[in-house]
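S.K.: Quick one: the structure is below, questions incoming.
The values are calculated or read from the model by the stated rules, or taken from the named source; none is laboratory data. Remember, it's a predicted structure, so these values are computed and weren't measured experimentally. Glycine gets a Cβ as well: all are built from the backbone with ideal geometry, and neighbour counts include every protein chain shown. Areas reflect the complete protein model, heavy atoms only, side chains present, ligands, DNA and RNA absent. Shrake-Rupley method; radii C 1.70, N 1.55, O 1.52, S 1.80 Å.
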Amino acid sequence: MANFISVGLTGGIASGKSTVAEMFESEGIPVLDADKIARDLVCIGSQAFSEIVNEFGKRVLDPTGSLDRSVLGEIIFSDAGEREKLNQIMHPKIQREQKNWLEKIRKDGKFKIGVVEAALMIESGGYKNFEFLVVVKCSEKDQFDRLEKRDNFSKASIRARLESQMPMIEKTEYADWVLDNSRDLNFLKSQVFVLVSKLFSMV
């Protein structure tokens, strides 16, 4: 029996990671959203903010002087070199925050399981920091349709985002557990219930 289990939760864009994260939380398991960490890290005046502006220029700022994530997104999703520059700035900082959070949860002793949700966990190598890796998968068509409906991106922008990530079939090869989100919510929920039961049996 383990004293504490750290779980990485990832998958392709619009695969349903956040939905699964909410299901974990409803079962009493704390979840840290890496995207929220990223947003906090780039607030005006932060080290990451300064590094990004130095690298990409004032074109990535909105009229208030804050980081314009949509403009930055268009830049990095259309150029792999620019995307790598941003990753080198952000990934070490995000992973440090993840480790600090997991250590705090472990030391606190209230929870036996801690989950971190991150889109690029495998691509960045961050998955190695977790004892258990969960990948949420669906078809590329599902991803495309969800992005088009959810974010109102152009087809070209959606394609660029999908192509910027590791193919779903490759991601599943890294997983200790794969959740299939190609059907309805109840189908996904039933898989999460089995996984949660397994995790609780390990601590």
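S.K.: Going down the table (K128/K149; K107/K128; K17/K155; K58/K137), which pairs top 27 Å between alpha carbons? Walk me through the numbers on the way to the answer.
M.R.: Values: K128/K149 33 Å; K107/K128 21 Å; K17/K155 22 Å; K58/K137 37 Å.
Beyond 27 Å between Cα atoms: K128/K149; K58/K137.
S.K.: Please give the contour-minus-distance gain from N3 to D108: 0.36 nm per residue of separation, less the Cα-Cα distance, rounded to one decimal in nm.
M.R.: Working: separation 105, 0.36 × 105 = 37.80 nm, distance 1.19 nm.
Length difference between fully extended and current span is 36.6 nm.
S.K.: Taking the solvent-accessible surface of protein heavy atoms with a 1.4 Å probe, what is the per residue accessible area of the chain in Å²? Don't jump to the answer; show the numbers that get you there.
M.R.: Numbers: 10840 Å² over 203 residues.
Ligands and nucleic acids excluded, the result is 53 Å² per residue.
S.K.: Hey, another quick one. Rounded, prolate or oblate: pick one for segment 18-65, where a ≥ b ≥ c are the square roots of the eigenvalues of its C-alpha gyration tensor, a/c under 1.5 means rounded, and failing that, prolate if a/b is larger than b/c, else oblate. Don't jump to the answer; show the numbers that get you there.
M.R.: Details: a/c = 3.89, a/b = 3.14, b/c = 1.24.
Taking the square roots of the gyration eigenvalues as a ≥ b ≥ c, segment 18-65 is prolate.
S.K.: Per DSSP H run of n ≥ 4, the term is -39500 (n - 2.57); total these for the chain, divide by its residue number, and report the mean residue ellipticity at 222 nm rounded to 500 deg cm²/dmol. Spell out each step's value before the answer.
M.R.: Working: 9 runs with 110 residues, N = 203.
Computed ellipticity for the chain at 222 nm equals -17000 deg cm²/dmol.
S.K.: Helix 47-56: angle to the longest alpha-carbon principal axis of the chain, degrees 0 to 90, nearest 10?
M.R.: With rounding to tens, the tilt is 50 degrees.
S.K.: What share of the DSSP beta bridges in the chain is antiparallel, in percent to the nearest 5? Mind dumping the intermediate values first?
M.R.: On the way: 1 of 18 bridges.
Antiparallel: roughly 5 percent of the beta bridges in the chain.
S.K.: Also: Enumerate by residue number the trypsin sites (Lys or Arg not before Pro) in segment 127-200 meeting two conditions: DSSP loop (anything except H, G, I, E, B), and at most 13 other Cβ atoms within 10 Å of the site's Cβ.
M.R.: On the way: sites: K128, K137, K141, R146, K149, R150, K155, R159, R161, K171, R183, K189, K198; in loops: R183.
Those satisfying the criteria are R183.
S.K.: How far is helix 140-151 tilted, in degrees, relative to the longest principal axis of the Cα atoms in the chain, given as a value from 0 to 90 rounded to the nearest 10?
M.R.: Result, in degrees: 60.
S.K.: With +1 on each Lys and Arg Cβ and -1 on each Asp and Glu Cβ, and nothing else charged, work out how big the dipole of the chain is about its Cα centre, in Debye to the nearest 20. List each step's numbers first, then the result.
M.R.: Working: 29 positive and 31 negative charges, 70 e Å.
Magnitude of the dipole: close to 340 debye.
S.K.: Multiplying the sequence separation of V194 and D176 by 0.36 nm and subtracting their Cα-Cα distance, what value in nm do you get?
M.R.: Values: separation 18, 0.36 × 18 = 6.48 nm, distance 1.36 nm.
Fully extending the segment from V194 to D176 adds 5.1 nm.
S.K.: With a ≥ b ≥ c taken as the square roots of the eigenvalues of the C-alpha gyration tensor of the chain, please select rounded if a/c is under 1.5 and otherwise prolate if a/b is larger than b/c or oblate if it is not? Present the calculation step by step, with values, prior to reporting the outcome.
M.R.: Values: a/c = 2.13, a/b = 1.33, b/c = 1.59.
Oblate, since a/c reaches 1.5 and b/c is not below a/b.
S.K.: Where does segment 6-91 land on the Kirkwood hydrodynamic radius, alpha-carbon pairs, in angstrom?
M.R.: Values: mean 1/r = 0.0686 Å⁻¹.
Result for segment 6-91 stands at 14.6 Å.
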